[in-house]
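One structure is given here, and the rest of the page talks about it.
Coordinate-derived values only; no laboratory data. Please read all numbers here as calculations on a predicted model, not as lab measurements. Using ideal geometry, Cβ is built from the backbone for each residue, glycine included, and neighbour counts are taken over all protein chains shown.
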Amino acid sequence: MIFMWILTISILMALSSSFWFALWMSLEINMMIFIPITNSKNFLSSNSMVLYYIIQSLASSLFFFSSLMSTISMTMTFNLIIMITMLIKLAAAPFHSWFPQISEGMNFSSFFILSSFQKIIPLYILSFINNHMLIPFIILSSMVGSLGGLSQTSFKKILAFSSISHPSWIMCLIMINQNFWLVYFSIYTIILIMIITWLKNNNSPLIINSNSMKLSFFNKILLFSFFLSLGGLPPFLGFLAKWVAIILISKKLPLVLLVLIISSLLNLFFYMRTLFPMILNLNTLMKTPSLIHSYQSLFLFIINSLSIITLIPWILSL
């Protein structure tokens, strides 16, 4: 709890500052606190943390040097280096290869923090230096996140490549100077919380295999709806974020939006292809979940399926 409190303080400290040194210090605190949070006796987890530390330290060193030089001479080169360091921390393509590897060695709670809270400060820093040089990285991230997930059967790897693809939408919203990226990120975090909560409550195997077929029919439908929401299919909660983002991006970057939509369709394809065997196997309506978990699952399903939320932008436009 103390580590989580310091992690939150570091994020708030960054969001309340625009000075480069304060932002760098927030990044360092954020990185150094995340490592003991994910501390584990598991060798794979320890190996992941060493790799995470090396990559983040390299990015932080480059950021500190570039921010220092940019204050002396505001050149395009140093701004580009600052942008690349933030893309490394975001695991955006082509600097993404470390993220799926590290994610596989973490537990679900640590993976959630890495996919959500650890991306807030880099995205905030990108909002200061947004320019058209970000477009190639947006396109690459969206396509790599979609194509990379096509061959995955692990829950963590699927969520990891999804976490590479979704920041491309957020960076595009940042580029067109829309504060809606905060709302998009919040909705993505809520959906990720629901998926992680489901996986932890049901003691789900890491790999989608025959053991995952033994869940109750309601739990299968619940997981399927969460992933459809993550892919942005109506009438689920994720559709709200994608719908408003499409409206905003189409006014300024229609060609980039076309790539983002295609990547979202690919995301939906590998979500459905992976989970369809689980849904279609209806012979094993086995163990009934406990009453507490039943109410919790029902509550998550209601939140995820509130289609009336998707009507809010249409009502406001009238």
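Stick to the Cα atoms of the range 90-134, pair each with every other, and give me the Kirkwood hydrodynamic radius in Å at one decimal. Don't skip to the answer; put the middle values down first.
Values: mean 1/r = 0.0850 Å⁻¹.
One over the average 1/r among Cα pairs gives 11.8 Å for the range 90-134.
Per-residue counts of other Cβ atoms within 10 Å, averaged by peptide: what ranking do you get for 115-121, 54-60, 241-247, highest first?
Details: 115-121: 21.0, 54-60: 16.7, 241-247: 19.1.
Highest to lowest by the protection proxy: 115-121, 241-247, 54-60.
Which peptide among 100-108, 225-233 comes first, and what is the full order, when sorted by highest mean count of other Cβ atoms within 10 Å? Kindly include the intermediate steps, with their values, before the conclusion.
Details: 100-108: 19.0, 225-233: 23.1.
Taking the mean over residues of other Cβ atoms within 10 Å, the ranking is 225-233, 100-108.
Cut-off 14 Å, label point 7 angstrom out along Cα-to-Cβ of MET76: give me the residues of the range 169-184 whose amide nitrogen falls inside.
Of the residues in the range 169-184, none has backbone N under 14 Å from the label point off MET76.
Going by average Cβ density within 10 Å per residue, which order do the peptides 5-14, 153-162 take, highest to lowest? Could you put the intermediate results ahead of the total?
Numbers: 5-14: 16.3, 153-162: 21.5.
Top of the packing list down: 153-162, 5-14.
Once the Cα atoms of the range 1-158 are picked out, what are the Rg and Dmax in Å?
In Å, with Rg to one decimal and Dmax whole: 15.8, 49.
Applying 1/(1 + (r/R0)^6) with R0 = 35 Å to the Cβ-Cβ distance of ARG273 and MET69, what FRET efficiency is obtained, to the nearest 0.05?
Values: r = 47 Å, r/R0 = 1.35.
Using R0 = 35 Å, I get an efficiency of 0.15.
Work out the FRET efficiency for ILE6 and ASN47 from their Cβ-Cβ distance, taking R0 = 22 Å, and round it to the nearest 0.05.
On the way: r = 24 Å, r/R0 = 1.11.
Plugging the Cβ-Cβ distance into 1/(1 + (r/R0)^6) gives 0.35.
Hey, what do the phi angles of the range 268-274 turn into as Karplus ³J(HN,Hα) couplings, whole Hz, using 6.51/-1.76/1.60 and θ = phi - 60°, x for Gly and Pro?
Per-residue couplings from phi come out as 4, 4, 6, 5, 5, 5, 6 Hz.
Given points 7 Å out from each Cα along the Cα-Cβ axis, report the LEU150 to SER61 separation in nanometres with one decimal.
Here the answer is 3.7 nm between the modelled labels.
How far, in nm, would the chain grow between ILE246 and ASN179 when pulled straight, counting 0.36 nm per residue and subtracting the alpha carbon separation?
Working: separation 67, 0.36 × 67 = 24.12 nm, distance 1.42 nm.
In short, 22.7 nm is gained.
Excluding LEU27 itself, what net charge comes from residues whose Cβ is under 13 Å from its Cβ, given Lys and Arg +1 and Asp and Glu -1? Before the final figure, lay out the partial values.
On the way: positive: LYS89, LYS119; negative: GLU28.
Net charge in that neighbourhood comes out at +1.
Pop a pseudo-label 7 angstrom from the Cα along the beta-carbon direction at both GLU28 and THR189 and give the gap in nm to one decimal.
Here the modelled spin labels are 2.5 nm apart.
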